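Student: So that we are looking at the same thing, I have put the structure below in structure tokens.
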Amino acid sequence: MQTENPVYEEIKEILRAVELPSVALVGQRIDSPPALTNIREGVREALSSVELPSGSVAIGVGSRGVARIGEVVAALVGALKESGAQPFVVPAMGSHGASTAEGQARVLEHLGVSEASVGCPVRATMESARIGETPSGVAVYMDRNAYEADSVIVVNRVKPHTAFRGTVESGPTKMLAIGLGKQRGAHSIHSAGWEDIHQTIPEAARVAVESGKVAFGLATVENAEEEPCKIVAIPAEELEEAEAPLLEEAKRNLARLPFGEIDVLVVGEIGKNISGDGADPNVTGRYPTTAASGGPSVERMVFLGLTEETGGNANGLGMADVVTERLAGSVDRPSTYMNALTSTTPAPVKTPMVMPTDKMAVAAALTMCAGVDPADARLVRIENTLKLGRIWVSEALLRDIENDERLEILEEPRPMRFEEGGIIPRSA
């Protein structure tokens, strides 16, 4: 950043004069099903409805921060071994992990899926086999190790997607179509066009099922606290039909911001372990494509930092209007840009306005809200889009809180606090 430029000194003076709104800490009660208390029992109960395959079995596991994924996979591996099968895990995450076999294995290990933790080998490769094409001519690929196994099982969470709407979105069906296809397969599906992806994904998954390799999908549904509340095993030929009602359930469970109109939304951290788009658009209302919509209307959005778990992948960065130098300096451009090349969406990897401190980033966003006095702005601050039980809100939103029985003021309004330019506290 050019800190010696006279214009920059003028920018600092302008932002120093911005009166930031006071904020209150607010608790949000989010009604949703209770979490499963015993993951192993939940998996085994789910598996009782399907026939376990024999021989070598590839278990596809993705890169999202699926709650307790290590426990789910370990329970599945245990059941398969008991039945006489030889299971192994394959990364089913498209181009994530910097699109390298080593990177994808590291992502799984960081998520708690390693040979030591789940009890079977992890075989990572970026090689894929072309297994057919959809009726519209889109090529479909499958991880080479999975294709050479006797059977394939995919394990994934069912959740609303961040960039399109369909009868199925994120879940086992998408993992078969995109995640298991590695970089080539993921790019093939995305390059067919976002306007048709809600049809392309099910069609590609059907090609995978028709290959005869897929035994079943093991799907989890999470509650508002991002904990598994349901685990379902779905035979391959029933995936699309059975996944649709699980998606509707997941949508009902999704925690959301309780405000429809927000002047400034400040997000403490973004990362691939939180959402494929860094910050979940279903929460922020900022989507990378026109194929999805919903959520609040946010005038200006600020991202303050990257999670350690994301490994520098800042996909979703471009959805913000302002970010900090701390965040921008942590970006690993190759792994971030690989997402755009694979998904054919450059907007999420563009660099927004960069400010040297958290305080200046918030002040800049407030300054760019036309017609709004910064001190009276409707400002919301969250730690990340997964943690919405405790949020900070400005005084302009307190009337909304008084009229909502789900919301409770935990700490009365006080000036926003910063230490050496960084906002405090960082978490609620």
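The values are calculated or read from the model by the stated rules, or taken from the named source; none is laboratory data. Remember, predicted model here, so these are calculated numbers, not experimental data. A quick note on method: Cβ atoms are made from the backbone with ideal geometry, for glycine too, and the neighbour counts reach across all protein chains shown.
Student: Tell me, please, whether a residue that is part of a loop (DSSP other than H, G, I, E, B), over 21 Å from the mean Cα position of the chain (by Cα) and assigned by TED's automatic domain parsing to the domain that holds residue 89 can be found in segment 154-169.
Tutor: No - not one qualifying residue is present in segment 154-169.
Residue by residue, here is whether (1) at pLDDT 95 or above; (2) surrounded by 19 or more Cβ atoms within 10 Å (Cβ to Cβ); (3) assigned by TED's automatic domain parsing to the domain that holds residue 315; (4) β-branched (Val, Ile, Thr) holds:
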| position | (1), (2), (3), (4) |
| --- | --- |
| 47 | yes, yes, no, no |
| 63 | no, yes, no, no |
| 69 | yes, yes, no, yes |
| 73 | yes, yes, no, yes |
| 80 | yes, yes, no, no |
| 84 | yes, no, no, no |
| 97 | no, yes, no, no |
| 108 | no, yes, no, no |
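Student: Of these, 400, 332, which one is surrounded by fewer than 18 Cβ atoms within 10 Å (Cβ to Cβ), closer than 27 Å to residue 32 by Cβ, in the same structural domain as residue 314 (by TED's automatic domain parsing) and of a type outside the set (Lys, Arg)?
Tutor: 400
Student: Inspect segment 139-146 for any residue being outside any loop (DSSP other than H, G, I, E, B) and among the β-branched types (Val, Ile, Thr) and give the result as yes or no.
Tutor: yes
Student: I would also like to ask the following. Could you list all residues from segment 376-387 that are of a type in the set (A, V, I, L, M, F, W, C) and modelled with pLDDT under 95?
Tutor: Matches in segment 376-387: 386 only.
Student: While we're on this one: Against the definition (buried (at least 21 other Cβ atoms within 10 Å of the Cβ), part of a helix (DSSP H, G or I), outside the structural domain of residue 95 (by TED's automatic domain parsing) and among the aliphatic types (A, V, I, L, M)), how does residue 327 come out, yes or no?
Tutor: yes
Let's see how each residue does on (1) over 16 Å from residue 136 (Cβ atoms); (2) in contact with a strand residue (DSSP E or B) (Cβ under 9 Å, 6 or more places away or on another chain); (3) of a type outside the set (Val, Ile, Thr):
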position	(1), (2), (3)
162	yes, yes, no
176	yes, yes, yes
192	no, no, yes
204	no, yes, yes
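Student: Tally the residues that are at pLDDT 95 or above, more than 16 Å from residue 387 (Cβ to Cβ) and hydrophobic (A, V, I, L, M, F, W, C), restricting the search to segment 272-305.
Tutor: 3
Student: From the residues in segment 110-132 that are under 12 Å from residue 181 (Cα atoms) and in contact (Cβ under 8 Å) with a residue 60 or more places away in the chain, which one is surrounded by the fewest Cβ atoms within 10 Å (Cβ to Cβ)?
Tutor: Checking each candidate, the answer is 132.
Student: Quick one: in segment 328-371, of everything that is farther than 25 Å from residue 96 by Cα and free of Cβ contacts under 8 Å to residues at least 24 places away in the same chain, which residue is farthest from the chain's Cα centre (by Cα)?
Tutor: Among residues in segment 328-371 that are farther than 25 Å from residue 96 by Cα and free of Cβ contacts under 8 Å to residues at least 24 places away in the same chain, the one farthest from the chain's Cα centre (by Cα) is 371.
Student: Only one of (1) under 26 Å from the mean Cα position of the chain (by Cα); (2) on the phi > 0 side of the Ramachandran plot; (3) outside any loop (DSSP other than H, G, I, E, B) fails for residue 94. Which number is that?
Tutor: Only one criterion is unmet by residue 94, namely (3).
Student: To continue, here is another question. Quick check on this structure: which one of 79, 46 is more than 29 Å from residue 188 (Cβ to Cβ), touching a strand residue (DSSP E or B) at 6+ places or on another chain (Cβ under 6 Å) and among the small types (Gly, Ala, Ser)?
Tutor: Being more than 29 Å from residue 188 (Cβ to Cβ), touching a strand residue (DSSP E or B) at 6+ places or on another chain (Cβ under 6 Å) and among the small types (Gly, Ala, Ser) holds for just one of 79, 46, which is 46.
Student: Could you list, in sequence order, the residues of segment 201-231 that are outside any strand (DSSP E or B) and surrounded by 24 or more Cβ atoms within 10 Å (Cβ to Cβ)?
Tutor: 201, 204, 205, 208
Student: What's the number of the condition residue 334 fails, among (1) at pLDDT below 95; (2) part of a strand (DSSP E or B); (3) of a type outside the set (Ser, Thr, Tyr)?
Tutor: Going through (1) at pLDDT below 95; (2) part of a strand (DSSP E or B); (3) of a type outside the set (Ser, Thr, Tyr) one by one, residue 334 breaks only (2).
Student: Looking at 182, 174, which is the one that is in the same structural domain as residue 92 (by TED's automatic domain parsing), part of a helix (DSSP H, G or I), buried (at least 24 other Cβ atoms within 10 Å of the Cβ) and on the phi > 0 side of the Ramachandran plot?
Tutor: The match here is 182.
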